[in-house]
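Every number here is computed from the coordinates shown, using simple stated rules; none is lab data. Keep in mind it's a predicted model, so treat the numbers as computed, not measured. In this analysis, Cβ positions are derived from the backbone assuming ideal geometry, glycine residues included, and neighbour counts consider all displayed protein chains.
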Amino acid sequence: MHEYSIACEILDQVLATARTHEAREIKSVTLDMGRLTHTNPEQLAFCFEVLAKDSIAEGAEFKVEMISPSIECDCGYSGPIEEPSGESEEEKLQSELLEYISALTCPKCGKNARIAGGRELLIRAIDIEK
């Protein structure tokens, strides 16, 4: 479960930032998480909650905003990856496993494109109380 180690790093960064700003309490943490990180947001939130116990982050709201994958092509195209039109669980899983495809087809020119976005895992905001 790599979510635990990721939660450890997030908490360390959040606490360091809070100390820098002389916070008494951390109210919430908001993450931007790409769908291709293969990280479970619920497990990550649970690990963060457990690790934050007895710290100024205890009880902080943990928000995750998912980022859809995108591609870039040498022809200049930059945009979202075409996801299947259906909404079945199998199709959703297939669209999230696109990281393992080494070459994607550009919808503009038909040549191979590369994944440009969807692998992010960034702390977007930390709401603190001074």
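Per-residue packing, averaged as other Cβ atoms within 10 Å, sorts the ranges 38-44, 27-33 into the order 27-33, 38-44, beginning with the highest. Remark: the ASN112-TYR4 segment gains 35.3 nm on full extension, using 0.36 nm per residue and subtracting the alpha carbon distance.
Multiplying the residue separation of ASP12 and PHE46 by 0.36 nm and subtracting their alpha-carbon distance yields 10.7 nm.
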